[in-house]
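Heads up: the structure comes next, in structure tokens.
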Amino acid sequence: MVEIFINDSAIKVKEGTTVLKAAEKAGIHIPHICFHDAFPPEGSCRMCLVEIEGHPCLELACSTQVREGMKVYTETENVRDARKGVLEFILAEHPMDCPICDKAGECTLQDYYEQYGLFESDFLEEKERKDKKVDIGKGLILDRERCVLCTRCVRFLRDITKTGELGVFERGVRSEIGIFGDQYIDNNYAGNLVELCPVGAITDKDFRFKTRNWFLKKGASVCPLCSRGCQIFIEYHPGFARFKVPKRVYRISSRVTSRDQSQKEKGYWICDIGRYGY
Ligand code: SF4
Ligand code: SF4
Ligand code: FES
């Protein structure tokens, strides 16, 4: 075990643990967008910057491993400024779509802007216009303007389903997610991409524009469609008292998300038979 100090509180963690995971164990949330527990760190979003005593510049918490006596600070002025800077760069090319975005209300970028941003943008330039409705799979629509290029979707299809339909094309400000040739995504785990995408870039044809997620109630359940018994949420609209909205199920989601670490050994992904079998 290694003892480190996060914001002056001592914590013991296993050797090889990253600063982000150590902080999580200590109950301290370090904001992160590209990191997901199912994959090795990617280090592309820069949202997880922290200060480490003795280091000349800020470090990535998602990919820096702890060492004995390390002193980490997650809330210094430098760190807060850096987070704001990262958010400002992401939002410089991000559309003001929240009122019409299916992810609003459960969007990592929206939450982080509220928690760590709240700045007036200094960018005067026009935002880059990109395709907003790209049909990439049997149930999936990609909005390239909303994509923050975290590559979670690319890594999922490369490492989990091993079908590799998506990639990052072009370079610099023109970088974009796309399918290789005619490799339309139609594997049986494709629906997970909607949950895995931290923003509203990949949306579900089955759910798009049908309701707002904050109207939905969640019931914890177990998928009955095979003997694996994946843990799911059944998300349903309870109806309004004053006007008629059909009471019905709007979506099935995995109960195990990267925000719910207590269940993670049971696996994050559910198959599309369970997801759309209602
Ligand atoms: S992805 Fe998030 S921040 Fe972007 S428009 Fe949708 S809700 Fe807003
Ligand atoms: S589509 Fe979503 S998951 Fe894929 S890179 Fe863009 S933001 Fe990340
Ligand atoms: S979470 Fe560390 S760089 Fe994205």
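With r defined as the distance between the Cβ atoms of Phe180 and Phe209 and R0 fixed at 22 Å, what FRET efficiency is calculated, to the nearest 0.05? Provide the component values of the computation, followed by the final result.
Details: r = 28 Å, r/R0 = 1.29.
According to the calculation, E is roughly 0.20.
Surface exposure of the chain, expressed per residue as accessible area with a 1.4 Å probe, stands at 54 Å². Within the accessible surface of the chain, defined with a 1.4 Å probe on protein heavy atoms only, the carbon and sulfur portion equals 53 percent. Using 0.36 nm per residue and subtracting the Cα-Cα separation, the extra length available between Ile273 and Asp159 on full extension is 39.0 nm.
Taken one residue at a time, the phi angles of segment 172-187 give Karplus couplings (6.51, -1.76, 1.60, θ = phi - 60°) of x, 5, 8, 4, 8, 7, x, 8, 6, x, 9, 6, 4, 7, 9, 7 Hz. Gly and Pro are set to x. Whole-Hz Karplus values for segment 223-228 come out as 5, x, 8, 7, 6, 5 Hz, taken residue by residue from phi with 6.51 cos²θ - 1.76 cosθ + 1.60 and θ = phi - 60°; glycine and proline positions read x. Electrostatic bookkeeping for Trp214 treats Lys and Arg as +1 and Asp and Glu as -1; over the other residues with beta carbon under 14 Å from its beta carbon, the sum is +2. Of Gly105, Gly181, Gly137, the residue with the greatest mean-square motion in the GNM of the chain, using alpha carbon springs below 10 Å, is Gly181. Taking Cα atoms, how many degrees apart are the long axis of helix 77-92 and the longest axis of the chain, rounded to 10 and kept between 0 and 90? Taking Cα atoms only, the helix is inclined about 30 degrees.
For Lys14, the solvent-accessible surface with a 1.4 Å probe is about 140 Å², rounded to the nearest 10. Around the amide H of Arg251, modelled in the peptide plane, lie the amide H atoms of Glu235, all under 5 Å away and 5 or more residues distant in sequence or on another chain. With R₀ fixed at 30 Å, the C-beta to C-beta distance from Lys130 to Glu88 puts the FRET efficiency at about 0.95. Ligands, DNA and RNA excluded, the heavy atoms of Thr17 present near 30 Å² of accessible surface to a 1.4 Å solvent probe.
Quote the relative contact order of segment 107-196 in percent (integer), defining contacts as alpha-carbon pairs under 8 Å separated by 6+ residues. Don't jump to the answer; show the numbers that get you there.
Details: 90 pairs, mean separation 20.8, N = 90.
The normalised contact order for segment 107-196 reaches 23 percent.
Placing +1 on each Lys and Arg Cβ and -1 on each Asp and Glu Cβ, with no other charges, gives the chain a dipole about its Cα centre of roughly 1500 debye. Evaluate the distance, in nm, between pseudo-label points positioned 7 Å from the Cα of Cys98 and of Lys71 along their respective Cα→Cβ axes. Output for this residue pair reads 3.7 nm.
The values are calculated or read from the model by the stated rules, or taken from the named source; none is laboratory data. The model shown is predicted, which means the values in this text are computed figures rather than measured ones. No Cβ is skipped: glycine too gets one built from the backbone with ideal geometry, and neighbour counts run over all protein chains shown. These area figures cover heavy atoms from the full protein model, side chains too; ligands, DNA and RNA do not enter into them. Shrake-Rupley method; radii C 1.70, N 1.55, O 1.52, S 1.80 Å.
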